[in-house]
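To keep things clear, I will list the structure first and then write my remarks on it.
The values are calculated or read from the model by the stated rules, or taken from the named source; none is laboratory data. Small disclaimer: the values here were computed from a predicted structure and weren't measured. Please note: Cβ atoms are built from the backbone with ideal geometry, for glycine as well, and neighbour counts cover all protein chains shown.
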Amino acid sequence: MKRADIITFAGAIIIVAIIAVATQGIDSIPGLNGFISPESPYENPTGEYSPHTPQAKPQVWNIPKNTDLNTVFVSGDGGYPVTDFPDDMTHFGASDPEYPEIWMPGEIVRFATYTGPGNGFSEKFHVPFGFWRINASMTAVNKPESSQLTWILVDAEDGAIVTGNQMRYGEHVTKTVQASGDAFYFIVSTQDINQYEFTLETTKALYGDNLIQPAVRRLTAFLNAA
């Protein structure tokens with residue numbers, strides 16, 4: 001067997017393994033249970049792609065609050081292009097449809113959360129998926145009858161308000177987002193709320209694709225250099 005054929009075959013095995021980890025976890029790969037080599041000579045052959053180590057379970061990151069208002073209101077590219085809510089929140093409507101053919105049980109991956117209490121802004125965050133959703137919920141103990149949660153998601157690159165909602169006690173809102181990018185942020189206003197949580201979710205297929213594409217690029221770069 002030629003060297004190029006061996007490399008291609010090995011690369012295909014690596015790609016299949018990454019897909020399996022992304023969709024079902026490391027336990028789904030026979031012989032690799034609990035073990036992943038920490039380093040690979042082909043992980044970053046040109047320095048162009050950042051290394052990635054597959055995880056047994058998807059990592060969920062907590063989006064921090066931005067408590068430095070100087071970075072919010074500063075002019076230019078460094079600031080936040082939208083710093084207040086629209087006058088009319090009713091046009092956002094209620095929850096989006098669940099799309100059961102897409103959001104199937106067992107096929108949903110939670111990848112980030114943003115939690116409160118408190119009003120204000122989140123830090124800017126990156127979403128690599130082109131299709132995802134926000135599950136918004138709140139807890140009100142002291143004055144549930146007057147509690148209210150108002151929030152918007154803003155694309156910090158162009159200042160467009162992507163979605164949002166104004167929630168009352170007992171409501172659970174799901175909003176679907178069809179946009180990816182390097183800079184989104186939340187603006188949140190609360191009234192008589194003890195806690196709120198925004199859970200960001202995507203599908204296993206999209207999560208796995210986000211893992212596989214860097215691996216394919218690394219393999220291609222290595223084969224081209226061989």
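Scan region 183-226 for residues that are at pLDDT 80 or above and touching a Pro at 6+ places or on another chain (Cβ under 8 Å) and report the count.
Here the count works out to 7.
Please determine whether any residue of region 54-61 is at pLDDT 85 or above, surrounded by 15 or more Cβ atoms within 10 Å (Cβ to Cβ) and in a loop (DSSP other than H, G, I, E, B).
The answer is no; no qualifying residue exists.
Against the condition at pLDDT below 55, exposed (fewer than 14 other Cβ atoms within 10 Å of the Cβ) and part of a loop (DSSP other than H, G, I, E, B), how does Ser75 come out, does it pass?
no
Restricting to region 92-129, and then to whatever is of a type in the set (Phe, Trp, Tyr) and assigned to a strand (DSSP E or B), can you tell me which residue is farthest from Tyr80 (Cα to Cα)?
Result: Phe111.
Would you call Pro100 over 18 Å from the mean Cα position of the chain (by Cα), in the same structural domain as Gln195 (by TED's automatic domain parsing) and free of Cβ contacts under 8 Å to residues at least 12 places away in the same chain?
yes
State all residues of region 126-138 that are surrounded by 14 or more Cβ atoms within 10 Å (Cβ to Cβ) and either modelled with pLDDT under 95 or farther than 22 Å from Asn210 by Cα (or both); if no residue qualifies, say none.
Of everything in region 126-138, those that are surrounded by 14 or more Cβ atoms within 10 Å (Cβ to Cβ) and either modelled with pLDDT under 95 or farther than 22 Å from Asn210 by Cα (or both) turn out to be Val127, Pro128, Phe129, Gly130, Phe131, Ala136, Ser137, Met138.
Looking at region 153-163, is at least one residue over 25 Å from Leu69 (Cα atoms) and either outside any strand (DSSP E or B) or in the same structural domain as Phe111 (by TED's automatic domain parsing) (or both)?
Checking region 153-163: not a single residue is over 25 Å from Leu69 (Cα atoms) and either outside any strand (DSSP E or B) or in the same structural domain as Phe111 (by TED's automatic domain parsing) (or both).
For residues that are among the acidic types (Asp, Glu) and not in a strand (DSSP E or B), scanning just region 169-206, find the one that is farthest from the chain's Cα centre (by Cα). Lay out the reasoning, then the answer.
Keep residues of region 169-206 that are among the acidic types (Asp, Glu), which gives 171, 182, 192, 197, 201.
Now drop any that are not not in a strand (DSSP E or B), which leaves 171, 192.
On the way: Glu171: 23, Asp192: 28 Å.
It comes out as Asp192.
Can you tell me which of Phe85, Phe129 is of a type in the set (Phe, Trp, Tyr) and more than 19 Å from the chain's Cα centre (by Cα)?
Working: Phe129 fails: more than 19 Å from the chain's Cα centre (by Cα).
Going through Phe85, Phe129 in turn, the sole match is Phe85.
State all residues of region 140-177 that are under 18 Å from His126 (Cβ atoms), surrounded by fewer than 14 Cβ atoms within 10 Å (Cβ to Cβ) and not aliphatic (A, V, I, L, M); if no residue qualifies, say none.
Residues satisfying the conditions are Asp158, Gly159.
Which pairs have Cβ atoms under 6 Å, sit 6 or more apart or on different chains, and link a residue in region 171-198 that is over 20 Å from Arg110 (Cβ atoms) to one that is of a type in the set (Val, Ile, Thr) and surrounded by fewer than 16 Cβ atoms within 10 Å (Cβ to Cβ)?
Note: pairs meeting the criteria are Asn194/Thr139; Asn194/Val141.
Within region 128-170, how many residues are hydrophobic (A, V, I, L, M, F, W, C), under 18 Å from Gly116 (Cα atoms), free of Cβ contacts under 8 Å to residues at least 60 places away in the same chain and out of contact with any Gly (no Cβ under 7 Å at 6 or more places or on another chain)?
5
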